[in-house]
Amino acid sequence: MTLTAVTAPETTLAIPAPRSVPQQEVIDVVAAAVAGDRQARYRLMAHVEPAVVRYCRARLGCGDLATTVARRVCRTVVATLADLPDGAGIHAFVHRVAEDAVDRVRRPAGLVGMPAMLRLLSPAQREVLVLRVAVGLSLEETASALDSSPGAVRQVQHHALDRLRAAGPQDTSATARSSM
């Protein structure tokens, strides 16, 4: 189990890295955070923030815009935790908040790389690839975040990768150039 240090105003917490936190522990941390436990809020943010940053960077490109949106998402998640019926749905809740925040942002013209390639995909394919590849969620975690089944996620991912392979490197760079 990997440990990550998070500095809170009063203390330093040692928490498990996001991929190694058992689901029940996440549920307990969410319940404590909703109840107002400050340290639980820090633990929760340490758990979700790396995935939020990766998601925002994958959708918006690396840079200040993605960082700003990721911070806004984390603040929104903490501020609206009371809207979460139970801690089991925290990943889907965070995904919805992040997706909404990214969709509201006006993207700068001329994004290249992964964001340009993602324009070749349908919205469902784009979400699955961002969650699986950029955020690093497992098949089951992605299905949970999207309120879908693992089989459906696997199929959408397969079709998305086929579409990117069929487009080839020339089409992807042409799409990036044409958006400038």
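Quick rundown of the values:
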quantity: Residue selected from the stretch 66-91 under the condition at pLDDT below 85 and farther than 18 Å from Gly36 by Cβ, by the criterion surrounded by the fewest Cβ atoms within 10 Å (Cβ to Cβ); calculated: Ala88
quantity: Complete set of residues in the stretch 46-68 that are β-branched (Val, Ile, Thr) and over 19 Å from Ala145 (Cβ atoms); calculated: Thr67, Thr68
quantity: Filter pass, Ala134 being surrounded by fewer than 21 Cβ atoms within 10 Å (Cβ to Cβ), in a helix (DSSP H, G or I) and at pLDDT below 80; calculated: yes
quantity: Matching option when the condition is within 12 Å of the chain's Cα centre (by Cα), under 26 Å from Arg132 (Cβ atoms) and surrounded by fewer than 19 Cβ atoms within 10 Å (Cβ to Cβ), among Glu49, Glu99, Glu25; calculated: Glu49
quantity: Residues that are more than 16 Å from Val130 (Cβ to Cβ) and part of a loop (DSSP other than H, G, I, E, B), drawn from the stretch 54-73; calculated: Gly63
quantity: Restricting the stretch 137-159 to residues that are at pLDDT below 90 and of a type in the set (Gly, Ala, Ser), the residue that is farthest from Tyr55 (Cα to Cα); calculated: Ser148
quantity: Subset of the stretch 125-136 [touching a helix residue (DSSP H, G or I) at 6+ places or on another chain (Cβ under 6 Å) and closer than 12 Å to Ala51 by Cα]; calculated: Val130, Leu131, Arg132, Ala134, Val135
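The values are calculated or read from the model by the stated rules, or taken from the named source; none is laboratory data. All figures in this text were calculated on a predicted structure; none of them were measured in a lab. With ideal geometry, Cβ positions are generated from the backbone for all residues, glycine too; neighbour counts draw on all protein chains shown.
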